[in-house]
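Please treat every number below as a calculation from the coordinates, not as lab data. This one's a predicted model, so the numbers in the text were calculated from it and none came from an experiment. Because the Cβ atoms are built from the backbone with ideal geometry, glycine has one as well, and the counts that use them run over all protein chains shown.
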Amino acid sequence: MSRLKGKLVLITGASSGIGAACARAFAERGARLLLCARRLDRLESLAEELKECEVHCFALDVSRRAEVEEKLALLPSEWREIDILVNNAGLSRGLDKLHEAEVEDWEEMIDTNLKGLLYVSRAIIPGMVERGRGQVLNLGSIAGHEAYPGGSVYCATKHAVSGLTKALRMDLLGTPIRVSSVDPGMVETEFSLVRFHGNEEKAAKVYQGLTPLAPEDVAEVVLFCATRPPHVNLSEVMVLPTDQASALLSHRK
Ligand code: NDP
Ligand code: 8X3
C-alpha cells in the first residue's frame, strides 16, 4: 500500500509550476491535499482536476505573517494534522547588479522565500512535534549552493533556505520528523516570467537551446523523498537538467 495513502500534505505555492506538479504527484498516491497560494482561482481549477482526491484550497500570501498565523490556526479540524509540509512558495525578481537593483524586488524575495517559509514552518512544525510524526520538504535551489551575477538576493535567500534546513534538522534530531531540501537547477515554469516582471521574450531566452527540467521531474524527486522508509532521510537532493553542469555552465545547441 502507498506510504502516502491518507497522509495530509500541505503544499505552499501550489497554483503553478513545481507546487502544482507536486499536488498532482501526491494526489496520484492517495494523499489528502491542502493547497495554498495567492491565486485562489488557479488552486480551484487544480482541485477540480484532482476531484478524485480530497483537496482543501485556500488563498494565502506566505509573506504576511499575521495572515499565515491566522489562516493556519483556523484550518478546519480535519485539515489540521499535517503529515508533510512542502515549503515551495517562492520567486525571483530581477537579474540586476546589486548596486543597481530595486530594493522592492529584494524585499519581495526575502519576505517570500525566507520569511514566508519560516512563518509557515513555525506554524506547522509544533503540531508535528506534538504528534511525533511529520516531514518537511523545502524547495531550495542550485542558487543555494552557488552564486551568479545578478542573483545576489535570490541566491542569498536560497543559501538561507539551505542553512535553515540544516539547522532545523539538528533542532528536530531525536524526533521522527525528517527534514530535506530539494535543490533544482533550471526548471521551466512561470519562474523566469515572474523574475522578468512578465517579459515573455526575456523569460523564453533562459531556456533557449537546452532542455530544462519540467516541474514534474522535480515533483518526482519530492515524492521520492516522501516515500522512503521512516528511518531514511534524504537530507539534500540536487537535481539538474543534463544540459546544465553548474549555475553558470549550460550546454545550448
Ligand atoms: P512558479 O512561478 O511557477 O511558481 C511559484 C509558486 O509560488 C506559485 O504557485 C506562486 O503562487 C507561489 N508564490 C509566490 N509568492 C507567493 C506568496 N507570497 N505567497 C504564496 N505563494 C506564493 O515557479 P516554480 O514552480 O519554478 O517555483 C517554485 C519553487 O521552486 C520556488 O521556491 C523557486 O525558488 C524554486 N526553484 C525554481 C527553479 C526554477 O528554475 N523554476 C529552480 C530551483 C528552485 P501565487 O502567485 O498564486 O501566489
Ligand atoms: C532557480 C534556478 O539558476 O535560475 O532557483 O537561480 S536559477
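Observations on the model:
- Flag if Lys97 is charged (D, E, K, R), more than 28 Å from Asn233 (Cα to Cα) and part of a loop (DSSP other than H, G, I, E, B): yes
- Elements of type helices (runs of 4 or more DSSP H) contained in region 150-209, each with 2 or more residues being closer than 30 Å to His231 by Cβ: 152-171
- Residues of region 127-149 that turn out to be small (Gly, Ala, Ser) and buried (at least 20 other Cβ atoms within 10 Å of the Cβ), as a count: 5
- Pairs meeting the criteria (first residue in region 142-163 and acidic (Asp, Glu), second residue within 12 Å of ligand 1 (Cβ to nearest atom), beta carbons under 8 Å, at least 6 apart or on different chains) are Glu146/Cys155; Glu146/Ala247.
- Elements of type strands (runs of 3 or more DSSP E) contained in region 19-93, each with 2 or more residues being under 23 Å from Glu220 (Cβ atoms) and touching a Phe, Trp or Tyr at 6+ places or on another chain (Cβ under 9 Å): 32-37, 84-87
- Residue in region 91-101 that is among the hydrophobic types (A, V, I, L, M, F, W, C), within 24 Å of Ser180 (Cβ to Cβ) and either buried (at least 21 other Cβ atoms within 10 Å of the Cβ) or more than 18 Å from the chain's Cα centre (by Cα) (or both) present: no
- Residue list for region 79-113, filter: farther than 27 Å from Thr189 by Cα and touching a strand residue (DSSP E or B) at 6+ places or on another chain (Cβ under 9 Å): Trp79, Arg80, Glu81
- Residue within region 142-165 that is more than 15 Å from ligand 2 (Cβ to nearest atom) and either in contact with a Ser or Thr (Cβ under 8 Å, 6 or more places away or on another chain) or of a type outside the set (S, T, N, Q) (or both) present: yes
- Close pairs (9 angstrom Cβ cut-off, 6 or more residues apart or separate chains): more than 17 Å from Ser15 (Cα to Cα) in region 191-212, among the aromatic types (Phe, Trp, Tyr) anywhere: Lys202/Phe196; Ala203/Phe191; Ala203/Phe196; Val206/Phe191; Val206/Phe196
- Residues of region 103-141 that are farther than 23 Å from Ser246 by Cβ, of a type in the set (A, V, I, L, M) and either in a helix (DSSP H, G or I) or without any contact (Cβ under 8 Å) to a residue 60 or more places away in the chain (or both): Val103, Ile110, Leu114, Leu117, Leu118, Val120, Ala123, Ile124, Ile125, Met128, Val129, Val136.
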